[in-house]
Amino acid sequence: MQPLPGFRDFYPETLAVRRYIFGKWREMARRYGFREYDGPPLEPLELFTLKSGDEIVGQLFNFVDKGERAVALRPEMTPTLARMVGARQRDYKKPLKWFAIPQLFRYEKQQRGRLREHFQFNADILGEADPAADAELVALAIDTLRSFGLTQEDFVVRVSDRRAWQRYLESLGVPADQQYAVFQAVDKMEREPLEKTRSKIAAVTPKVDDILAFADAKETKDELRSMLSALGELASFCEVDYKIVRGLAYYTGIVWEIHDRKGELRAIAGGGRYDNLLKLVGGVDMPALGFGMGDVVLGELLKDRHLLPKLDWQLDCYVVIAEETLRAAALALIHRLRDAGISVDYALTPAKVGKQFQNAAALGARFAVVVGPQEWSVGEVRVKKLATAMETPVKLTELTAYLKT
């Protein structure tokens, strides 16, 4: 039996990669002063339709539970965050800088970099309207990718601003309630034929050429200029690109996406400002912004660039029980070593010494500690360093320190 389409099994070697990625995410969030939180993977369906409309239901794993409640596995983390902050925002000093690494679920067509589940590094700042907060999030995303060994030659941050678009569309006479249709067309223009994009825009306004020209503009405007200034040297990772509008309706200001320079993958990360969402979901009028970085696309990029380290699991030592009469004494030694923080394994049932050494090598143990009658009688064990095959008699009182060298 295989896992469901779009879902993954994590065998020890693939879980090691996931843990490596999570470790980098957590370390960079810590350096930037973010606190970790989490929420339930199952939420009321209304939480997601309230933000994104009923059309999102087709992308969800949703059902009616045994209590007759309409529920869904979370497709994103932002609505849960908005609900949580709305419930207890008075308990925390602003701005809030929170991050999470949730597993998310979307019933979508599978392709490279997109599965039906993935883990995502979410970082959000709540309670700060200044563009300095936007710069802080972009800087965190850039430094996170740099921590994996990626450089300016590997990725680019494409930045834009919904407010610049809104002001321009207003100047063209496009009503506010029709601007989202333009955003949707622009958001998909790099993935659809130009004529299809033109047709979508023409359904809203005859100023098609003007809108396409604005999408290609590179001028930094107002808040975007302030954010790039606040980024300092890291601004060199960014390019102004008004084709980036982000498809979700709730974005209200600066938006951005990170793409690989070769253009071979989906967006590595993306985010922006969503100043109205907390009021909609949590009943609290508070500026907010955030981004998400998925493990699937990032893993593909690191693999393509040969930046995934060799993550072989290593055992500190394997205790070889050379004489079964010493098993009880060997178990007591094993427990002492484990109490000292040393990872230890051994043969659970009687086995020949040669077989035990084979197990030690197969498990990648650094040392084999041989508990034999002759050495044990004088308070010693034999320690073999498996990488060099060098054996050394070591006193039991000195064993822990020796294994930690």
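The values are calculated or read from the model by the stated rules, or taken from the named source; none is laboratory data. What you see is a predicted model, and the numbers here were worked out from it, not measured in a lab. Here the Cβ is made from the backbone with ideal geometry for all residues, glycine too, and neighbour counts use every protein chain on show.
Could you check the stretch 193-215 and list, in sequence order, the residues that are under 23 Å from TYR250 (Cα atoms) and either in contact with a strand residue (DSSP E or B) (Cβ under 7 Å, 6 or more places away or on another chain) or outside any helix (DSSP H, G or I) (or both)?
Hits for the stretch 193-215 are ALA203, VAL204, THR205.
If you take the residues in the stretch 1-25 that are free of Cβ contacts under 8 Å to residues at least 60 places away in the same chain and not in a helix (DSSP H, G or I), which one is surrounded by the most Cβ atoms within 10 Å (Cβ to Cβ)?
Restricting to residues being free of Cβ contacts under 8 Å to residues at least 60 places away in the same chain and not in a helix (DSSP H, G or I), the top hit is PHE10.
From the list LYS355, LYS310, which one is basic (Lys, Arg) and modelled with pLDDT under 95?
Among LYS355, LYS310, only LYS310 is basic (Lys, Arg) and modelled with pLDDT under 95.
Just wondering, is there one or more residues in the stretch 133-151 that are surrounded by fewer than 21 Cβ atoms within 10 Å (Cβ to Cβ), touching a residue at least 12 places away in the same chain (Cβ under 8 Å) and either under 29 Å from ILE56 (Cβ atoms) or not assigned by TED's automatic domain parsing to the domain that holds LEU277 (or both)?
no
What residue, of VAL281, VAL245, is crowded, with 19+ Cβ neighbours inside 10 Å, in the same structural domain as LEU298 (by TED's automatic domain parsing), among the β-branched types (Val, Ile, Thr) and in a loop (DSSP other than H, G, I, E, B)?
Numbers: VAL281 fails: in a loop (DSSP other than H, G, I, E, B).
None of the others qualify; the one that does is VAL245.
Is it true that some residue in the stretch 304-318 is assigned to a helix (DSSP H, G or I) and surrounded by 20 or more Cβ atoms within 10 Å (Cβ to Cβ)? Lay out the reasoning, then the answer.
Pass one, the stretch 304-318, residues assigned to a helix (DSSP H, G or I): 304.
This time we only want the ones that are surrounded by 20 or more Cβ atoms within 10 Å (Cβ to Cβ), so: none.
No, the conditions are met nowhere in the stretch 304-318.
For GLY58, work out the one condition from (1) within 26 Å of TYR32 (Cα to Cα); (2) surrounded by fewer than 17 Cβ atoms within 10 Å (Cβ to Cβ) it doesn't fulfil.
(1)
Answer yes if at least one residue in the stretch 250-260 is touching an Asp or Glu at 6+ places or on another chain (Cβ under 7 Å), touching a residue at least 60 places away in the same chain (Cβ under 8 Å) and surrounded by fewer than 15 Cβ atoms within 10 Å (Cβ to Cβ), and no otherwise.
no
When you scan the stretch 361-405, how many residues do you find that are within 44 Å of the chain's Cα centre (by Cα) and in a helix (DSSP H, G or I)?
The number of residues fulfilling the criteria is 8.
Mind checking which pairs have a first residue in the stretch 75-93 that is over 15 Å from ARG273 (Cα atoms) and a second that is buried (at least 22 other Cβ atoms within 10 Å of the Cβ) and modelled with pLDDT under 95, Cβ under 7 Å, 6 or more apart or different chains?
Once the first residue is over 15 Å from ARG273 (Cα atoms) and sits in the stretch 75-93, its partners that are buried (at least 22 other Cβ atoms within 10 Å of the Cβ) and modelled with pLDDT under 95 give PRO75/PHE48; ARG83/VAL281; VAL85/LEU278; GLY86/LEU278; GLY86/VAL281.
So is GLU264 acidic (Asp, Glu), under 22 Å from ALA235 (Cβ atoms) and either buried (at least 19 other Cβ atoms within 10 Å of the Cβ) or in contact with an Asp or Glu (Cβ under 8 Å, 6 or more places away or on another chain) (or both) or not? Talk me through it step by step, then tell me what you get.
Numbers: acidic (Asp, Glu): yes; under 22 Å from ALA235 (Cβ atoms): no; either buried (at least 19 other Cβ atoms within 10 Å of the Cβ) or in contact with an Asp or Glu (Cβ under 8 Å, 6 or more places away or on another chain) (or both): yes.
Criteria not met by GLU264.
List the strands (runs of 3 or more DSSP E) that sit entirely inside the stretch 54-105 and contain at least 2 residues that are in contact with a helix residue (DSSP H, G or I) (Cβ under 9 Å, 6 or more places away or on another chain) and over 26 Å from PRO5 (Cβ atoms). Talk me through it step by step, then tell me what you get.
Details: elements: 62-64, 70-73, 96-100, 103-105.
It comes to 96-100.
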